[in-house]
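Nothing in this text is a laboratory measurement; each read-out follows from the coordinates by a stated rule. Since we're looking at a predicted model, the values are computed, not measured. We place every Cβ from the backbone using ideal geometry, glycine too, and count neighbours over all the protein chains shown.
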Amino acid sequence: MRARFFGDRRARYATLVAEREGVALGWAALNPYSARAAYDRVGDLSIYVLRSARGTGVGSRLLAALEESARRNGFHKIVLFTFPFNALAQGLYATRGFREVGVFREQGTLDDRPADVMAMEKLL
Ligand SMILES: CC(C)(COP(=O)(O)OP(=O)(O)OC[C@H]1O[C@@H](n2cnc3c(N)ncnc32)[C@H](O)[C@@H]1OP(=O)(O)O)[C@@H](O)C(=O)NCCC(=O)NCCS
């Protein structure tokens, strides 16, 4: 498996794709957290692994590679926002040393209804 840099997307913000034998198994991306200069060293995480490849370490390796890329690109912190019931994702984040910051009430929308969202963070 290897992770490949995907496009430019504003240079500092990497998108990594995990591949095995030419098949994409998942991706992880760092997104801008805020347009304000004060938060320039904070990146926001998105990650997705193909259903059939889950539980085999792809997510952990992608996240480790994204953290390393973020360090190289001058980021100080990664934040993420997840639904509190997403146990698989929280297992991954705990494994990688993210801590729970707190829960935003009705911050998101799920099936057209307001949904609570958990914020997590990791200092790099
Ligand atoms: C969350 C996600 C990226 C995890 O990727 P993954 O490749 O399955 O994760 P890994 O195999 O690297 O496992 C990492 C950790 O997740 C947890 N985990 C993974 N599969 C699990 C399972 N079947 N049951 C319980 N915990 C599990 C474990 O804590 C594991 O750590 P460990 O191996 O040290 O025990 C993947 O489930 C996914 O794409 N989900 C849908 C999209 C999503 O929810 N994205 C996050 C939005 S916030």
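Looking across region 87-102, the residues that are surrounded by fewer than 14 Cβ atoms within 10 Å (Cβ to Cβ), under 24 Å from Tyr39 (Cβ atoms) and not small (Gly, Ala, Ser) come down to Arg99, Val101. With respect to Thr109, is the statement that it is over 13 Å from the mean Cα position of the chain (by Cα) and hydroxyl-bearing (Ser, Thr, Tyr) true? Yes. If you go through region 108-124 and keep only what is assigned to a strand (DSSP E or B), under 24 Å from Thr15 (Cβ atoms) and not β-branched (Val, Ile, Thr), you end up with Gly108, Met118, Ala119, Met120, Glu121, Lys122, Leu123. Sub-7 Å Cβ pairs linking a first residue in region 24-49 that is closer than 15 Å to Val79 by Cα and away from the ligand (no atom under 11 Å from the Cβ) to a second residue that is assigned to a strand (DSSP E or B) and basic (Lys, Arg), at least 6 apart or interchain, are Arg41/Lys77; Val42/Lys77, ordered by first then second residue. Of all residues in region 90-99, none satisfies being free of Cβ contacts under 8 Å to residues at least 24 places away in the same chain, of a type in the set (S, T, N, Q) and either within 13 Å of the ligand (Cβ to nearest atom) or farther than 23 Å from Ala14 by Cα (or both). Hey, could you check region 62-81 for residues that are crowded, with 19+ Cβ neighbours inside 10 Å and either among the hydroxyl-bearing types (Ser, Thr, Tyr) or more than 12 Å from the chain's Cα centre (by Cα) (or both) and say which is farthest from the ligand (Cβ to nearest atom)? Among them, the one singled out is Phe75.
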